[in-house]
Amino acid sequence: MQFIDLKYQQQLIIEDINQRIQNVLDHGSYIMGPEVRELEDQLAAYVDVKHAISCSSGTDALLLSLMAKGTGPGHAIFTTPFTFIATAEVISLLGATPVFVDVDQQAYNIDPQQLEIEIEKAATENNLKPFGIISVDLFGLPADYNNVTDIADKYGIFIIEDAAQSFGAEYNGRKTCALTDIACTSFFPAKPLGCYGDGGMCFTNNDELADIIKSLRLHGKGTHKYDNARIGVNGRLDTLQAAILLSKFRIFPEEIEKRQHAADRYTRQLKQAEHITPPLVPEGYKSAWAQYSILAENTLHREAIQNALKEAGIPTAVYYPKPLHIQTAFKSLGYSPGDFPVSESCSERIFSIPMHPYLKKEDQLKVTDIINKVTA
Ligand SMILES: *Cc1c(COP(=O)(O)O)cnc(C)c1O
């Protein structure tokens, strides 16, 4: 059994992919070719925002967004420690300070109550200027945007949505990537919409921010190629990757629906399992199901389940085994174990089972039978 079956998906669309790759080889515009703009237009329409700006990775999308907002030393950027390193790494890279906020027990996303506490503390105790929030839609489930937006408005700070795992998800009838000042997604192969290499995209309704991001991804380009208006990066999406994404995007909306069915089936079949917590999708939310993640009782319990699955040839993964506040890379921030109890408890107990649009019913049954047996 595959954890994510990219081979099966490829078989379905291989002719279209080959044709699109051949088109790029024929026209030869490998950098910023017509497919790049076509993809941007299609994804902007899909999520319903004015501007989609492609770039070289999800990490660069976050970096470009923070740069466009003028993030730098003295600025506090609030995010969770229960995420992939990229979310917080880009904050430090710009000389700003990541300020961690614990996650909510059920959604694994930023806890609005804790967020407000940390914003107050950053300004009064730590002499930092509250500047922005990077909210993460972990495992494909959107964060609590109504509450997070109220807090951002109250303190006059921006929200960047890290939608690397949630492209295609919805919050109160609106697509992710259309919910905040700027949103970022990733086309890393294993993400819900993945290419065959690295890629990413920024989304915004703000004309000025869009212009700055477009300039930043092209070395700070001004009015022409050799006019440099600002310090930027080489952050473009390859035309070949855009071509592959155009092909994959044609079946993407259908894949999102298939993911809903697969997730529902898992959740139904896990009903009898004791001592585990399957993922919860609150009213008004739709997940992109980048991962189907379950909480075990404790680390030993998790290991028992993972081992039983492994013996049956079923792969599992742990996202994330070590929260960011206790990573060596962030040692200088001065956090200690115990600072974010919910994130730490999740790291000790979480595991993910195979999830992709083409999961077979029999395979899902095999997975849940084993989990039900181990946890009975
Ligand atoms: C994958 C991921 C990123 C980084 O995306 P890349 O395209 O790999 O650079 C950022 N944030 C989260 C939450 C991710 O899962």
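Some notes on this structure:
- Share, in percent, of DSSP beta bridges within the chain that are antiparallel, nearest 5: 60
- Pairwise FRET efficiency - Tyr30 versus Asn205, Cβ, R0 = 25 Å, nearest 0.05: 0.25
- Rounded to whole numbers, the Karplus 3J(HN,Hα) couplings from phi for the stretch 24-38 are 5, 4, 6, 7, x, 8, 6, 10, 6, x, x, 5, 5, 5, 4 Hz, using 6.51 cos²θ - 1.76 cosθ + 1.60 with θ = phi - 60°, and x at Gly and Pro.
- Nonpolar atom fraction for the stretch 3-70, defined as the carbon and sulfur part of the 1.4 Å probe accessible area, stands at 48 percent.
- For Asp238, net neighbour charge (Lys/Arg +1, Asp/Glu -1) across residues whose Cβ lies under 12 Å away: -1
- Gaussian network model of the chain, springs between alpha carbon atoms under 10 Å - residue of Lys225, Lys175, Lys121 with greatest fluctuation: Lys225
- Probe 1.4 Å - accessible area at Glu38, Å² to nearest ten: 80
- The stretch 153-241 - percent of accessible surface contributed by carbon and sulfur, probe 1.4 Å: 47
- For the chain, a simple Cβ point-charge model (Lys and Arg +1, Asp and Glu -1, everything else neutral) yields a dipole of about 660 debye relative to the Cα centre.
- In the stretch 45-87, inverting the average of 1/r over every pair of distinct C-alpha atoms gives 12.4 Å as the Kirkwood radius.
- Tensor-based shape of the stretch 1-68 (alpha-carbon gyration tensor, a/c under 1.5 rounded, otherwise prolate or oblate): oblate
- Each label was represented as a point 7 Å from its Cα along the Cα-to-Cβ direction; for Gln260 and Leu12 these points are 1.6 nm apart.
- Average accessible area per residue (Å²) across the stretch 75-115 - probe 1.4 Å, nucleic acids and ligands excluded: 29
- Charge dipole of the stretch 113-208 about the Cα centre (unit charges at C-beta), most positive-ward option of Ala178, Ile157, Asn127: Ala178
- The stretch 21-151 - Kirkwood radius from inverse mean 1/r over Cα pairs (Å): 16.6
- Separation of alpha-carbon centers, the stretch 314-370 and the stretch 179-248, rounded to whole Å: 29
- Cα convex hull volume per residue for the chain (Å³): 133
- Three-way shape call for the stretch 162-220 based on the alpha-carbon gyration tensor, with the a/c threshold at 1.5: oblate
- On a per residue basis, the stretch 156-228 carries 37 Å² of accessible surface, using protein heavy atoms and a 1.4 Å probe.
- Solvent-accessible surface of the stretch 336-376, averaged per residue with a 1.4 angstrom probe and all protein chains in place: 42 square angstrom.
- Simple Cβ-charge dipole of the stretch 58-204, Lys/Arg +1 and Asp/Glu -1, about Cα centre, in debye nearest 20: 340
- The stretch 39-107 and the stretch 2-25 have Cα centres spaced 29 Å apart.
- DSSP-defined beta bridges in the stretch 29-170 - what % are antiparallel, rounded to 5: 5
- Sequentially through the stretch 313-325, phi angles give Karplus couplings (6.51, -1.76, 1.60; θ = phi - 60°) of x, 9, x, 9, 8, 10, 10, 10, x, 9, x, 5, 5 Hz, Gly and Pro residues having no value and appearing as x.
- With semi-axes defined as the square roots of five times the eigenvalues of the C-alpha gyration tensor, the equivalent ellipsoid of the stretch 228-376 measures 31, 27, 14 Å, largest first.
- From phi via Karplus (6.51, -1.76, 1.60), per-residue ³J(HN,Hα) for the stretch 128-140 in Hz, x at Gly/Pro: 10, 8, x, 10, x, 10, 10, 8, 10, 9, 5, 6, x
The values are calculated or read from the model by the stated rules, or taken from the named source; none is laboratory data. Everything quoted here is computed from the prediction, not taken from an experiment. In this analysis, Cβ positions are derived from the backbone assuming ideal geometry, glycine residues included, and neighbour counts consider all displayed protein chains. Accessible surface areas use protein heavy atoms only, side chains included; no ligands, DNA or RNA. Shrake-Rupley method; radii C 1.70, N 1.55, O 1.52, S 1.80 Å.
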